[in-house]
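The structure appears right after this line, and notes come after that.
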Amino acid sequence: MIKDQIIKKVVEKITSRSEIGMQKYGTTLDRDDLTLLDWLNHLQEELMDACGYIEKIIALIEEKDKK
C-alpha cells in the first residue's frame, strides 16, 4: 500500500502509460528486439520532446509575466 499520494499518482500514471503502450504497440518494455542503441535513440527522442514542452512552458510563463 502506497501512503504517499504523489507517488501513488505517479505509479497510476506509469501503469496507465504501460497499458496504452500495449494497446498501441502490442508489446511491453520486456521486448528483446531492440539493441542498446535503439533504446538510447528512443530515450533521446523522448527527451527532445520533453525539451520542447519545457520551452513552450517557459514561453507561456514569460508571456504571462509581461502582462
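Ignoring ligands, DNA and RNA, what percent of the 1.4 Å accessible area of the chain is carbon and sulfur? Accessible surface attributable to carbon and sulfur in the chain totals 60 percent.
Dipole magnitude for the chain: about 500 debye, using +1 per Lys or Arg Cβ and -1 per Asp or Glu Cβ, origin at the Cα centre. Taking Cα atoms, how many degrees apart are the long axis of helix 5-25 and the longest axis of the chain, rounded to 10 and kept between 0 and 90? With both axes taken from Cα atoms, the answer is about 60 degrees. Note that region 57-67 has calculated 3J(HN,Hα) couplings of 4, 4, 4, 5, 5, 4, 5, 5, 5, 6, 7 Hz, one per residue in order, obtained from phi through the Karplus relation 6.51 cos²θ - 1.76 cosθ + 1.60 (θ = phi - 60°); glycine and proline are x. In the structure shown, the pairs LYS8/LYS67; LYS3/LYS64; LYS9/LYS56 are assessed against 29 Å; a Cα-Cα span above that value is assigned to LYS8/LYS67; LYS3/LYS64. The trypsin sites (Lys or Arg not before Pro) of region 1-62 that DSSP puts in a loop, and whose beta carbon has at most 11 other beta carbons within 10 Å, are LYS3, ARG31.
On a per residue basis, the convex hull of the C-alpha atoms belonging to region 1-44 measures out at 103 Å³. Simple rule: put +1 on each Lys or Arg Cβ and -1 on each Asp or Glu Cβ in the chain, find the dipole, and look at THR27, ILE7, TYR53; the Cα lying farthest toward the positive end is ILE7. Per residue, the solvent-accessible area of the chain (1.4 Å probe, heavy atoms of protein chains only, all protein chains present) comes to 100 Å².
The values are calculated or read from the model by the stated rules, or taken from the named source; none is laboratory data. Since the structure is predicted, the reported quantities are computational estimates derived from the model, not experimental observations. Every residue, glycine among them, receives a Cβ derived from its backbone with ideal geometry; neighbour counts consider all protein chains shown. Ligands, DNA and RNA are excluded from the accessible area calculation, which covers all protein heavy atoms including side chains. Shrake-Rupley method; radii C 1.70, N 1.55, O 1.52, S 1.80 Å.
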